[in-house]
């Protein structure tokens, strides 16, 4: 059986939505909502930063 | 791992044995409650180093595609899955689904976001230079938090110079490993590092507008490769609103890496519905 180390290669998912709210997903997906989604993925938020265009989160793993 | 949330777009990138695709039904439940409609989806990944360690639904690309097919709404009726091959061990797995068949989406997208003329650059690097990779280990005596140690790694590795304008959020894991996100206006960049010798890996990704041309791509790519000096790397460029045969990006990528001593081992181009054109190239370092 091959030895197993940490898998660096990432999986990347990008979803685009339509909607009328100027804040859209940024309003909808607050910290608690994101944590619930990320719980399904098996990771969590460790750090965050944002500007007027985007919210960026560093995740565990 | 990283997450980016725009008003009409979400990007999640996770490593290890995370079950990324399990986020799809959760997100669709949540967005459906507020009337947001999914217009398109793109899932990409390289070839896992340890594929047998991956849990459901990531134990094979076929399984991942089946999972997406079952969980995406039927309105995304244009769907395509491909593995872009390479002579190296790096292959690029792509799944895209869209409401529309064309990659030249109208400028007035339903969400009001201008997606034309943007590109996503994804770089995957293995066999990192050992001395450079050691910068991404915490010192045993270091009792500072991951954010403080992360800032030290950003500075010592020269990552802060890749885009000096960016607002950077960085984190050092214990005992090793590093992640950073940089945001600059509506563009982002992200770097993740696994420095262990037996499975060393680093990735770089950025999303940029192509209004200023592709010249900046070469500079960014060279800066990133100098930070890690990988033995093997793959470069995927996904362009919205372009066609593979008229993309100047791929020759620029090859030329800029040739100057750093890298030889191209493979090249593939493929159009995806609603996701644009993906140009995928792999390179190996000339060893003395």
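Restricting attention to the stretch A:1-35, the residues that are surrounded by 20 or more Cβ atoms within 10 Å (Cβ to Cβ) and at pLDDT below 90 total 1. A Cβ distance below 6 Å, combined with a sequence gap of six or more or placement on separate chains, defines the contacts here; from the stretch A:23-44, residues that are touching a residue at least 24 places away in the same chain (Cβ under 8 Å) reach residues that are outside any helix (DSSP H, G or I) in the pairs A:26/A:55; A:26/B:5; A:26/B:7. Would you say residue B:251 is surrounded by fewer than 21 Cβ atoms within 10 Å (Cβ to Cβ) and either within 21 Å of residue A:14 (Cα to Cα) or modelled with pLDDT under 90 (or both)? Against the criterion (surrounded by fewer than 21 Cβ atoms within 10 Å (Cβ to Cβ) and either within 21 Å of residue A:14 (Cα to Cα) or modelled with pLDDT under 90 (or both)), residue B:251 qualifies. The set of residues in the stretch B:129-149 being in a loop (DSSP other than H, G, I, E, B) and within 16 Å of residue B:199 (Cβ to Cβ) consists of B:129 alone. It is to be established whether one or more residues within the stretch B:67-82 are in contact (Cβ under 8 Å) with a residue 24 or more places away in the chain, more than 16 Å from residue B:97 (Cα to Cα) and in a loop (DSSP other than H, G, I, E, B). Scanning the stretch B:67-82 turns up no residue that is in contact (Cβ under 8 Å) with a residue 24 or more places away in the chain, more than 16 Å from residue B:97 (Cα to Cα) and in a loop (DSSP other than H, G, I, E, B). Out of curiosity, is residue B:37 at the interface with chain A (Cβ under 7 Å from one of its Cβ atoms), more than 21 Å from the chain's Cα centre (by Cα) and under 28 Å from residue A:50 (Cβ atoms)? Here the answer is yes, as residue B:37 does meet what is asked. Of the residues making up the stretch B:185-209, those that are within 17 Å of the chain's Cα centre (by Cα) and over 19 Å from residue B:232 (Cα atoms) are B:186, B:187, B:188, B:189, B:190, B:206, B:207, B:208, B:209. Quickly run through the stretch B:1-23 and pick out the residues that are over 14 Å from residue A:39 (Cβ atoms) and either more than 7 Å from every other protein chain (Cβ to nearest Cβ) or outside any strand (DSSP E or B) (or both). Those that are over 14 Å from residue A:39 (Cβ atoms) and either more than 7 Å from every other protein chain (Cβ to nearest Cβ) or outside any strand (DSSP E or B) (or both): B:6, B:7, B:8, B:15, B:16, B:17, B:21. Within the span defined as the stretch B:50-71, one or more residues are facing chain A (nearest Cβ under 7 Å) and touching a helix residue (DSSP H, G or I) at 6+ places or on another chain (Cβ under 8 Å). Among the residues of the stretch A:4-17, is any free of Cβ contacts under 8 Å to residues at least 60 places away in the same chain, more than 7 Å from chain B (Cβ to nearest Cβ) and over 19 Å from residue B:173 (Cα atoms)? No, the stretch A:4-17 contains no residue that is free of Cβ contacts under 8 Å to residues at least 60 places away in the same chain, more than 7 Å from chain B (Cβ to nearest Cβ) and over 19 Å from residue B:173 (Cα atoms).
The values are calculated or read from the model by the stated rules, or taken from the named source; none is laboratory data. These numbers were taken from a predicted model, which means no experiment stands behind them. With ideal geometry, Cβ positions are generated from the backbone for all residues, glycine too; neighbour counts draw on all protein chains shown.
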